[in-house]
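Right, one structure below, let's go through it.
The values are calculated or read from the model by the stated rules, or taken from the named source; none is laboratory data. Everything numeric in this text was worked out from a predicted model, so none of it was measured. Neighbour counts run over all protein chains shown; Cβ positions are idealised from the backbone, glycine included. Just so you know, the surface numbers come from the protein's heavy atoms only, side chains and all, with ligands and any DNA or RNA stripped out. Shrake-Rupley method; radii C 1.70, N 1.55, O 1.52, S 1.80 Å.
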Amino acid sequence: MDGLDLDLVAALQYAPRAPSSALAEVLDSSPSTVGRRLQRLQTSGQLRVVGQLDWSLVSDAHPRHVWLHAESGRAVEVARRLARMPEVQLVALSSGRADIYCVVHPSQRSRATELLTTEIPSVEGVRAGQSDLVLRPVTRADAWTLDRLAPERLETLRPYRTHVPERDGGAAASGPLTGDEIEVAGLLHADARTGSGDVARELGVSQSTAYRLVQSLLERGVVRPRVEVEPERLGMHLEVILSLTVHPGAIAHVAEKLSSHPSARYVSVVAGEVSLIHHGAFRDETALGRFITEDLAALPGVADVRSSVLLEVMRRYWIDRADGLLGEARLPFTRRDRPGR
């Protein structure tokens, strides 16, 4: 990606649904140029704007960070098998804490035991494993942005920004959804830039009704637009999962500090061998070294840090990856028929 591409990604991360005209104003370009750039990035598999769903639409269970050791020479084979499992949303080869790192989201609470004690351990080539239960996310990928555009330049995009802060438990406290809301959530899940006109045609409702449905889902955090792009394409050549042991009284403070760090793609409070998981994207080893020896070292209460470097991400948020390009989406969300249809 060249400089304009990177600026476009940064603008989209800040306001994923902003129209081309607003993006063009921020980037000092023309709407047609911005539109062509975005189309090229999407069709080439470098970028996709998806809707991150409230957990309650996926499952009544919380995700798990899963760490697996593979038999010698079989890590790639095991990772590929795991990437075909519908409840595995992220799979990566790693070095450090384990050979393979996964994020697993059971389809329902009752599935967790079978998935973690039988199905995943019985994958051919798995030697051993351990998991950490996510108690609450502190920040997720929809909040991660490139630090390329000055705040005054981003001001133009503020009316189109829909980011909603995380709530305890990771749920949007949205209450039950109507049939129309579920269907709109499915459309936004596949393409978060879908406009009210397309929604109106799909649902057979007026554009004003479609607009209200879309805005309600976005403002309540039921759907959270996010830019899917591999960090390496943005110049972030090192992805690391840092597992932190923190004194109980310091967990909330440390989690909040970590969530505001520029590297933070995903920070969560967990129950398991550690207290916090920090998934960070860094430009290089020097940047990671500074983060560990300066930023982490300055946080009181951190007792231990284990680092796992991601060598290759094979699936992220249910979208397959190869050579840094986005492939097939195996999304967990199934659109349901609206009542009366």
Charge dipole (debye, nearest 20) of the stretch 101-254; +1 at Cβ of Lys and Arg, -1 at Cβ of Asp and Glu: 340 debye
Sort 244-251, 90-97 for me by packing, meaning the mean count of neighbouring Cβ atoms within 10 Å per residue, highest on top. 90-97, 244-251
Relative packing of peptides 197-205, 231-239 - highest average C-beta neighbours within 10 Å first: 231-239, 197-205
Using R₀ = 30 Å, calculate the FRET efficiency as 1/(1 + (r/R₀)^6) where r is the Cβ-Cβ separation of residue 84 and residue 163; round to 0.05. 0.40
Which value, in Å², gives the accessible area per residue of the stretch 230-341 when a 1.4 Å probe is used on the protein heavy atoms? 48 Å²
Give the peptides 224-230, 135-141 in descending order of average Cβ contacts within 10 Å, highest first. 224-230, 135-141
Separation in nanometres of the label points that stand 7 Å from Cα toward Cβ, at residue 201 and residue 287: 4.0 nm
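With runs of 4+ DSSP H residues as the only contributors, calculate the mean residue ellipticity of the chain at 222 nm using -39,500 (n - 2.57) per run, divided by the residue total and rounded to the nearest 500.
Helices in the chain give a 222 nm mean residue ellipticity of -8000 deg cm²/dmol.
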For residue 208 and residue 30, compute 0.36 nm times the residue count separating them, minus their Cα-Cα distance, and round to one decimal in nm. 61.2 nm
Positive-end residue, the stretch 203-341 charge dipole about Cα centroid, Cβ charges, pick of 241, 211, 227: 211
Report the Cα centroid-to-centroid distance between the stretch 44-118 and the stretch 286-325 in angstrom, as an integer. 17 Å
Whole-Hz Karplus couplings 3J(HN,Hα) for the stretch 127-140, θ = phi - 60° and coefficients 6.51, -1.76, 1.60, Gly and Pro as x, run 9, 6, x, 7, 9, 10, 7, 6, 7, 7, x, 9, 8, 10
Residue-span extension gain [residue 4 to residue 69] - 0.36 nm each, minus C-alpha spacing: 19.3 nm
Let me cross-check residue 282: its accessible surface, 1.4 Å probe, with only protein heavy atoms counted, in Å² to the nearest 10? 10 Å²
With labels modelled as points extended 7 Å from the Cα through the Cβ direction, what inter-label distance (nm, one decimal) is found for residue 299 paired with residue 130? 1.9 nm
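Suppose R0 equals 25 Å; then what is the FRET efficiency for residue 220 and residue 261 from their Cβ-Cβ distance, rounded to the nearest 0.05?
E(calc), rounded to 0.05, equals 0.40.
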With labels modelled as points extended 7 Å from the Cα through the Cβ direction, what inter-label distance (nm, one decimal) is found for residue 247 paired with residue 325? 5.2 nm
